[in-house]
């Protein structure tokens with residue numbers, strides 16, 4: 001069964017260090033999302049790609065976060081420098097293009113900043 | 001202020017009981033999804049509803065979309081310990097294009 005792949009599953013990093021997460025969406029899914037989920041809350045959209053283009057990054061803290069999807073397939077989310085408040089689950093999801101299409105999530109990367 | 005308000009925030013029941021959780025908003029949605037998330041895992045899609053008044057059933061789970069497409073409910077009949085998890089609703093507002101999640105209902109079903 002096709003699924004969204006994310007790595008690593010867990011990451012511990014010291015504050016002020018750089019950290020990167022990788023996501024490989026379901027084959028054929030043009031839309032890719034990065035979400036951040038703080039414990040006890042629902043996922044919050046950080047960035048949405050349509051193919052290789054960013055269509056929404058209004059909630060992405062651009063002073064320290066960056067995201068790319070160079071070939072319109074897999075994607076990387078980077079944080080530099082990491083802060084204690086960045087500790088959260090980072091979720092990647094993908095969907096077919098179009099409104100009302102269903103998003104499928106990966107298992108996420110649990111980030112702990114110490 | 002949350003766009004989607006889910007209630008209750010926490011629910012603990014005994015195996016075999018019935019329950020309903022709610023997802024409410026003042027905004028109109030073109031579609032609404034329900035997900036279940038287990039600790040340390042990503043959300044898993046349960047259902048998508050798109051038509052006002054729509055009712056969908058998935059085994060013991062019944063999902064309803066409000067007539068005005070502003071709210072939804074999830075009813076579970078004869079809950080089982082395997083139903084334990086975080087139930088999230090997510091809505092796509094008309095012409096907004098992106099999903100917004102509620103903060104979820106954490107359900108615990110005790111054997």
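Quick check on my filter: what residues within region B:25-43 are part of a strand (DSSP E or B), farther than 11 Å from residue B:72 by Cα and under 15 Å from the mean Cα position of the chain (by Cα)? Walk me through how you get there before you give the answer.
Quick first cut of region B:25-43, residues part of a strand (DSSP E or B) only: B:29-37.
Then keep just the ones that are farther than 11 Å from residue B:72 by Cα; that gives B:30, B:35-37.
B:35, B:36, B:37, listed by residue number.
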Restricting the search to region B:4-37, which residues are within 24 Å of residue A:34 (Cα to Cα), surrounded by fewer than 19 Cβ atoms within 10 Å (Cβ to Cβ) and facing chain A (nearest Cβ under 10 Å)? B:30
Residue that is within 12 Å of another protein chain (Cβ to nearest Cβ), in contact with a strand residue (DSSP E or B) (Cβ under 9 Å, 6 or more places away or on another chain), under 18 Å from residue B:35 (Cβ atoms) and touching a residue at least 24 places away in the same chain (Cβ under 8 Å), where the choices are A:93, A:88: A:93
Could you say whether any residue in region B:96-108 is touching a helix residue (DSSP H, G or I) at 6+ places or on another chain (Cβ under 6 Å) and more than 14 Å from chain A (Cβ to nearest Cβ)? no
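Mind listing whichever residues of region A:100-114 are more than 25 Å from residue B:50 (Cβ to Cβ) and in a strand (DSSP E or B)?
First, the residues of region A:100-114 that are more than 25 Å from residue B:50 (Cβ to Cβ): A:107-114.
Selection gives A:109, A:110, A:111, A:112, A:113.
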So, in region A:21-56, exactly how many residues are within 11 Å of chain B (Cβ to nearest Cβ) and assigned to a loop (DSSP other than H, G, I, E, B)? 6
Looking for something modelled with pLDDT of 95 or more, within 13 Å of chain A (Cβ to nearest Cβ) and not in a strand (DSSP E or B) - is there at least one such residue anywhere in region B:52-62? yes
Can you name the condition, by its number, that residue A:71 falls short on among (1) within 10 Å of chain B (Cβ to nearest Cβ); (2) farther than 14 Å from residue A:5 by Cβ? (1)
Going by what's in this entry, would residue A:12 be described as exposed (fewer than 15 other Cβ atoms within 10 Å of the Cβ), within 14 Å of chain B (Cβ to nearest Cβ) and closer than 30 Å to residue B:9 by Cα? no
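Residues being at pLDDT 95 or above and surrounded by fewer than 20 Cβ atoms within 10 Å (Cβ to Cβ): count how many of those fall in region A:67-84.
Filtering region A:67-84 down to residues at pLDDT 95 or above leaves A:67-69, A:74-84.
Checking which are surrounded by fewer than 20 Cβ atoms within 10 Å (Cβ to Cβ) leaves us with A:68, A:74, A:76, A:78, A:80-81, A:83-84.
Counting residues in region A:67-84 that are at pLDDT 95 or above and surrounded by fewer than 20 Cβ atoms within 10 Å (Cβ to Cβ) gives 8.
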For residue B:68, work out the one condition from (1) touching a residue at least 24 places away in the same chain (Cβ under 8 Å); (2) closer than 18 Å to residue B:3 by Cα; (3) surrounded by 13 or more Cβ atoms within 10 Å (Cβ to Cβ) it doesn't fulfil. (3)
Filter region B:72-99 for residues that are modelled with pLDDT of 90 or more and crowded, with 19+ Cβ neighbours inside 10 Å and give the result. B:72, B:74, B:76, B:79, B:85, B:86, B:87, B:88, B:89, B:90, B:91
Looking at region A:74-99 only, could you name the residues that are part of a loop (DSSP other than H, G, I, E, B) and more than 13 Å from the chain's Cα centre (by Cα)? A:80, A:81, A:82, A:83, A:87, A:96, A:97, A:98, A:99
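The values are calculated or read from the model by the stated rules, or taken from the named source; none is laboratory data. Computed from a predicted structure; not experimentally measured. So basically every Cβ, Gly included, is an ideal-geometry build from the backbone, and we count neighbours across all protein chains shown.
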